[in-house]
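Scroll down for the structure; my scribbles are underneath it.
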Amino acid sequence: MTRVYNFSPGPAALPEAVLRQAADEMLDWHGSGMSVMEMSHRGPEFMGIHAEAEDLLRELMAIPSNYKVLFMQGGAIGENAIVPMNLIGRTGRADFVHTGEWSRRTIAEAAKYGRAQVAASAEAGGFRSVPPRDTWQLDAGAAYVHICSNETIGGVQYHWLPDTGDVPLVADMSSDILSRPLDVSRFGLIYGGAQKNVGPSGVTLVIVREDLLGHALPITPAAFDYTLQAENDSMYNTPPTYAIYIVGLVLKHLKAQGGLAAMEEHNRAKARLLYDFLDGSRYFRNEVAPADRSLMNVPFHLRDSARDAEFLAGAKARGLVQLKGHRLVGGMRASIYNAMSLEGVQALVAYLQDFERAHA
Ligand SMILES: Cc1ncc(COP(=O)(O)O)c(C=O)c1O
């Protein structure tokens, strides 16, 4: 068996140790005689798996006790509707910082449920940076301020936490949750699909401050009502049990590796290697403002885009896969989440060097 270096933006690479453990436990989880997939979500085995996953997330992220952790479904695009349905009702309007495609979609969806106000936008600069905080036009009466902490497509990431005063800060962290330590107490709500840094697709993490519950619009479907889900330990409806089990294994693995501080160091080392190469290259380039470059998703272009297909084929031949950039940005994108090894990025840089030597 050969495992490739998988640079997919998501669903993305998972730690091999986790996949092996899941394979070992596939037919008989801990002597239960059942696969986790076959367990009742209300049985003692799965209740234990679920509780352990939540406890590990709380421990790793140091989530304060006045926050609820929910395992939801519908992904981050689902949350683009679920968040406003639950939160915007307090005042009827919310502020958004527009940093790229994922924030654009968040804004468009929220506008169905209330007034979606753009407090700042990076559009004029082609979405290559985060608008500085002193340019944001915030409304003190907004129900929340929404940011996307890491624009997966554009490769733009916040490296600072905005102060939004008494207005709760809400973040789509789909592509950088658990990649570095975070002060959760600075947020009203954090959400993210699991399929980049945390596990398989199918489960969405929601971390919500308790005082924000209780304002759902009357049209909110019961399964998407945070208060109902919080009251029912995320089991108002059947949760995505197998995905939650894998999330638990990933979290255990993360803890064993030293937790989020160790992850940040690992992620910085990988990103530095790649950006340093790109900055020194005459053939490849990354166009994001250096201070706002993502440690998770590194888009880059070849000087000669006619060679894109050749580049991808050569990469595949070396076991470097899923490097094609998003169609909105073109070029290439290397997604280097927690599970990507330093060796993987070294192999990518070695290939980039060889390709440049051959074609520059
Ligand atoms: C930052 C961000 N937000 C939202 C989404 C959409 O997530 P999903 O497809 O899980 O709904 C993605 C997926 O790539 C993402 O990267």
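Read the figures in this text as sums done on the coordinates, not as results from a lab. These figures come from a predicted structure and were not determined experimentally. Glycine also receives a Cβ, built like all others from the backbone with ideal geometry; neighbour counts cover every protein chain displayed.
Starting with the fewest neighbours, write out THR220, THR135, THR106, THR164 ranked by other beta-carbon atoms found within 10 Å of each beta-carbon.
Lowest count first: THR135, THR220, THR164, THR106.
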> Where the centre of each part is set by its Cα atoms, how far does segment 338-360 sit from segment 284-325, in angstrom?
Replying inline: 10 Å
> Over segment 258-359, what number does the Rg to Rh ratio reach, with both radii from the alpha-carbon atoms and Rh per Kirkwood?
Replying inline: 0.95
> Which lysines have a Cα less than 17 Å from the Cα of LYS324, not counting those fewer than 8 places away in the same chain?
Replying inline: LYS196, LYS316
> Any idea which of ALA116, HIS41, LEU348 is furthest toward the positive side of the dipole for the chain, if Lys and Arg beta-carbons carry +1 and Asp and Glu beta-carbons -1?
Replying inline: LEU348
> How large is the dipole of segment 1-101 about the Cα centre if only Lys and Arg carry +1 and Asp and Glu carry -1, each at its Cβ, rounded to the nearest 20 debye?
Replying inline: 440 debye
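Quick one: dipole size for the chain, taken about the Cα centre, charges +1 on Lys/Arg Cβ and -1 on Asp/Glu Cβ, in debye to the nearest 20. Walk me through the numbers on the way to the answer.
On the way: 33 positive and 40 negative charges, 205 e Å.
The dipole magnitude comes to about 980 debye.
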>> Tell me whether segment 1-82 comes out rounded, prolate or oblate; compute the Cα gyration tensor, take square roots of the eigenvalues as a ≥ b ≥ c, and use a/c under 1.5 as the rounded threshold.
In response: oblate
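Most exposed first by the Cβ proxy, i.e. fewest other Cβ within 10 Å, how do SER185, SER174, SER8 rank?
SER185, SER8, SER174
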> Distance from the Cα centre of segment 195-221 to that of segment 264-281, in angstrom?
Replying inline: 33 Å
> Among rounded, prolate and oblate, which fits the chain when a ≥ b ≥ c are the square roots of the eigenvalues of its C-alpha gyration tensor, a/c under 1.5 means rounded, and a/b larger than b/c means prolate?
Replying inline: oblate
